[in-house]
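Structure first, commentary second.
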Amino acid sequence: MQILSFLLKKLTYLVILLFVVALITFLLVSLSPIDPIRAYIGADMLQVSPEQKEQIEIYWGLKESKPEQFISWITSLLKADFGTSLIYRAPVSEVIADKFFASLLLMGIAWILSLVGGIVLGSIAGMRQNGLLDRIIQLYSYVLVSTPGFWFGLLLLMIFAVGLGIFPIGLASPIGMLEGNVSFLDRLYHVILPALTLSILGTANIALHTREKLIEILKSPFILQAKAQGLKGFSLYKRHAFRHTILPAISLHFASFGELFGGAILAEQVFSYPGLGQAVVDAGLGGDVPLLLGIVIISAGFVFVGNFLADVLYKIIDPRFRKGLMKL
Amino acid sequence: MLWKGTIGMTQGLIIKNLSLYHKYEKMTLVNNVSLSIAPSEIVAVVGASGSGKSLLAHSILHLLPEEIEQNCEMLWNGETVNQHNIPQLRGKKIALIPQTIDALDPFLKVGKYLLTLMKGKNKQHRLHKIWSSLGLDIDWLAYFPFELSGGMARRVLIASALVQNPNLILADEPTPGVDADTLSGVLAPFNQMKQEGKSVLFITHDFFAALKVADRIAVMDNGEIIEVSPVSFFAGDGEKLKHTYTKALWQALPQNCFVNNWR
Ligand SMILES: Nc1ncnc2c1ncn2[C@@H]1O[C@H](COP(=O)(O)OP(=O)(O)OP(=O)(O)O)[C@@H](O)[C@H]1O
Ligand SMILES: [Mg+2]
């Protein structure tokens with residue numbers, strides 16, 4: 001019962017969130033100077049007579065009042081109809097699904113690498129508080145946390161792709177290869193450098209957070225008691241500190257899906273990686289309103305899922321929550 | 001002078017001139033405390049709140065925070081104890097029953113927690129024996145600490161020291177709120193230790209419990225041990241007791257109040 005009401009609460013929250021996001025993006029787009037017909041027709045606009053233009057406006061519902069437009073948009077959204085992308089000339093849902101896969105690969109790898117790296121570094125630093133290793137890791141983290149992502153990406157690109165030639169300079173697959181012939185290894189090879197950029201930067205944040213949390217945990221009475229029982233070093237960490245430390249780290253990491261997404265947009269620009277991030281930039285520059293709206297809605301949902309997982313995870317790992325959730 | 005009784009003693013724990021100094025507050029917390037605990041002996045430490053009892057227990061295990069400077073000479077079975085060899089003694093030879101129940105790891109079921117503290121064969125069997133001797137229900141082994149009542153948690157802490165099978169237990173306030181009837185049950189494991197030639201440092205507010213279980217009673221006041229007397233000295237009007245503070249403690253016991261009023 002409690003699980004059900006928990007899920008129901010989250011679902012309500014999601015619906016409200018998506019509605020608000022949809023409303024705000026709609027308002028912003030209607031205030032923007034983009035003329036959808038001009039954006040759709042492009043250079044051929046000169047050959048369209050004002051009468052024809054008016055016909056299209058009526059057909060597209062542009063003559064209706066803004067609230068009416070909003071309602072009809074929302075209604076088709078509810079039917080999972082996101083409209084047609086103007087620049088890709090394909091249904092928005094298809095474009096997003098296609099781009100999302102590429103981005104998901106990039107973000108997934110970056111997410112896992114930065115989590116594992118961050119926890120390892122943060123734990124070492126915390127266990128060696130104020131030691132040499134701790135100082136090195138802290139310095140490393142503080143420098144990276146304040147490093148701009150695009151700059152770091154360019155740096156890696158220059159060293160590993162241009163200079164050493166180990167990795168490809170950009171794109172998600174070899175140039176000139178047909179979509180069907182691209183193997184998973186090809187994709188992996190192309191995703192490594194952008195993923196590395198994202199994860200090295202993400203690591204720093206997690207490392208600092210983990211370190212701080214671990215130092216706090218090490219002051220707990222149950223750690224003092226574990227020491228009284230003769231535990232120390234790695235076995236002390238493994239038995240009594242590990243779970244307490246990674247829980248907030250993982251939770252934070254889930255909750256920062258938004259930053260991950262933002263980072264991916266930048267990384268995809270730098271590495272010309274054709275993912276959702278690049279699609280959003282193209283949509284913005286090309287006045288592709290349906291695609292832009294679609295991506296905004298999808299990414300809001302994506303960030304929500306991250307926060308949701310962060311919440312659920314706490315409840316699964318921590319027995320106090322777990323029992324509280326299961327009981328009754 | 002307190003030292004006299006321990007000359008020639010090689011087994012057990014000897015603490016000589018323990019002083020604890022707070023580096024930042026520039027304050028002496030414990031001053032010149034000497035105490036010994038022989039095998040088969042239960043020594044109680046009584047004293048008001050803040051008199052330094054927990055500090056004493058933690059300093060034996062060298063577990064004080066770094067802002068507290070510890071100076072003392074400590075011998076365990078005739079060998080000097082210091083920062084370097086204390087890790088080998090912790091738990092295995094000298095175990096601590098902590099004062100607060102938040103010393104239990106909230107993420108671990110108590111049964112699992114206790115098993116990981118044990119060494120050797122037949123763990124499950126030994127654990128069950130200790131567990132039921134403390135009047136705990138087998139089902140509770142599957143509980144997380146937050147599911148235990150205060151009294152249950154307290155007995156789990158006692159069990160956590162017993163399962164390690166140490167030679168000395170530092171019991172920091174193991175019996176708070178235990179009524180006179182159940183007291184004997186909770187004290188039984190300590191008497192059992194004594195019979196096996198092991199020792200207990202029994203820290204308590206409960207003067208009554210101290211008299212019941214201990215061989216000697218050390219009275220702590222304001223960071224100093226002002227008196228160590230065998231329980232036999234606690235009799236009659238307390239005329240054998242040295243310190244007025246100790247006499248006052250003794251005379252304040254309910255059964256003695258009656259005697260005093262009657263006179
Ligand atoms: N880490 C610390 N920093 C500063 N002062 C401390 C610290 N630990 C203990 N003290 C002080 O030392 C004194 C003795 O503390 P201790 O915990 O040993 O008291 P206690 O006799 O165990 O009291 P109680 O019976 O209430 O447990 C107290 O005045 C306390 O404020
Ligand atoms: Mg205390």
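FYI, it's all coordinate maths here, none of it is from the lab. Values in this document were obtained by computation on a predicted structure and should not be read as measured data. Neighbour counts run over all protein chains shown; Cβ positions are idealised from the backbone, glycine included.
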Among B:PHE190, B:GLN164, B:VAL231, flag the residue with its Cα farthest along the positive direction of the charge dipole of region B:139-263, charges on Cβ as +1 for Lys/Arg and -1 for Asp/Glu.
-> B:VAL231
Against the longest principal axis of chain A, how steep is helix A:132-145, in degrees 0 to 90 to the nearest 10, with axes from Cα atoms?
-> 10 degrees
Does anyone have the angle between helix A:184-217 and the longest principal axis of chain A? Alpha-carbon axes, 0 to 90°, nearest 10?
-> 50 degrees
With charges set only on the Cβ (+1 for Lys and Arg, -1 for Asp and Glu), what does the dipole of region B:102-165 come to about its Cα centre, in debye to the nearest 20?
-> 400 debye
Among A:LEU285, A:SER30, A:GLY262 - extreme Cα towards positive end, dipole of chain A, charges at beta-carbon | A:GLY262
Under 18 Å from the Cα of B:LYS92, which aspartates and glutamates turn up, not counting those fewer than eight places away in the same chain?
-> B:GLU79, B:ASP172, B:GLU196
As computed over region B:102-165, the Cα convex hull volume per residue (Å³) | 73 Å³
Mean Cβ neighbour count within 10 Å, used as a protection proxy, ranking A:134-141, A:68-75, B:153-160 highest first = B:153-160, A:134-141, A:68-75
Sum of side-chain charges, B:THR244 neighbourhood, beta-carbon under 13 Å (Lys, Arg +1; Asp, Glu -1) = -2
B:SER49: net charge of surrounding residues, Cβ under 13 Å, Lys/Arg +1, Asp/Glu -1, itself excluded?
-> -3
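Using only helices, what value at 222 nm comes out for chain B when you add -39,500 (n - 2.57) per DSSP H run of length 4 or more and divide by the total residues, to the nearest 500 deg cm²/dmol?
About -9000 deg cm²/dmol.
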Which value does Rg/Rh take for chain A over its C-alpha atoms, Rh per Kirkwood?
-> 1.06
Taking chain A and dividing mean pair separation by its residue count, relative contact order in percent (alpha carbons under 8 Å, at least six apart) | 27 percent
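Using a 10 Å cut-off around each Cβ of peptide A:235-244, what is the average number of partner chain Cβ atoms that fall inside?
2
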What is the Cα centroid distance between region B:203-261 and region B:101-178, reported in whole angstrom?
-> 30 Å
Dividing the alpha-carbon radius of gyration of the protein assembly as shown by 2.2 N^0.38 Å (N being the number of residues), what value is obtained?
-> 1.41
Within the protein assembly as shown: Cβ-based charge dipole about Cα centre, in debye rounded to nearest 20 (Lys, Arg +1; Asp, Glu -1) = 2360 debye
Taking a straight Cα-to-Cα line shorter than 16 Å from B:LYS242, and setting aside same-chain aspartates and glutamates fewer than 8 residues away, one finds B:ASP221, B:GLU224, B:GLU227
State the dimensionless ratio Rg/Rh of region B:120-197 (Rg: radius of gyration of Cα atoms; Rh: Kirkwood radius).
-> 0.94
Name the most mobile residue of B:MET152, B:MET220, B:MET27, meaning the one with the largest mean-square fluctuation, in a Gaussian network model of chain B with Cα contacts below 10 Å.
-> B:MET27
Name the aspartates and glutamates eligible as straight-distance cross-link partners of A:LYS79: C-alpha to C-alpha under 19 Å, and not fewer than 8 places from it in the same chain.
-> A:GLU68, A:GLU94
Looking at region A:185-219, which trypsin sites (Lys or Arg not before Pro) are in a loop (DSSP not H, G, I, E or B) and have at most 14 other Cβ atoms within 10 Å?
-> A:LYS219
Too-long pairs where the Cα-Cα distance tops 20 Å, listed order kept, from A:LYS213/A:LYS315; B:LYS93/B:LYS119; A:LYS213/B:LYS109 = A:LYS213/B:LYS109
Rounded to a whole number, the Stokes-Einstein D of region B:17-77 in µm²/s (Kirkwood radius over Cα pairs; 10 °C; 1.306 mPa s) is 127 µm²/s
So what's the gap between the Cα centers of region A:77-108 and region A:255-328, to the nearest angstrom?
-> 14 Å
For A:VAL95, net neighbour charge (Lys/Arg +1, Asp/Glu -1) across residues whose Cβ lies under 12 Å away = -2
Between the helical axis of A:50-60 and the dominant principal axis of chain A, each derived from Cα atoms, what acute angle in degrees is found, rounded to the nearest 10?
-> 50 degrees
To one decimal place, what orientation-averaged projected area in nm² is obtained for the convex hull of the Cα set of chain B?
-> 15.2 nm²
Once the mean of 1/r over all distinct C-alpha pairs in region A:230-328 is inverted, the Kirkwood radius in Å reads 16.3 Å
Cα-centred dipole magnitude for chain A, charges only on beta-carbon of K, R (+1) and D, E (-1), debye, nearest 20 | 2320 debye
Measuring from centroid to centroid over Cα atoms, what is the spacing of region B:39-61 and region A:133-163 in Å?
-> 53 Å
What is the packing order of peptides A:103-115, A:192-204, A:152-164, taking the mean over residues of other C-beta atoms within 10 Å and listing the highest first?
-> A:192-204, A:103-115, A:152-164
DSSP-loop trypsin sites (Lys or Arg not before Pro) across region A:76-133, with at most 12 other Cβ within 10 angstrom = A:LYS79, A:ARG89
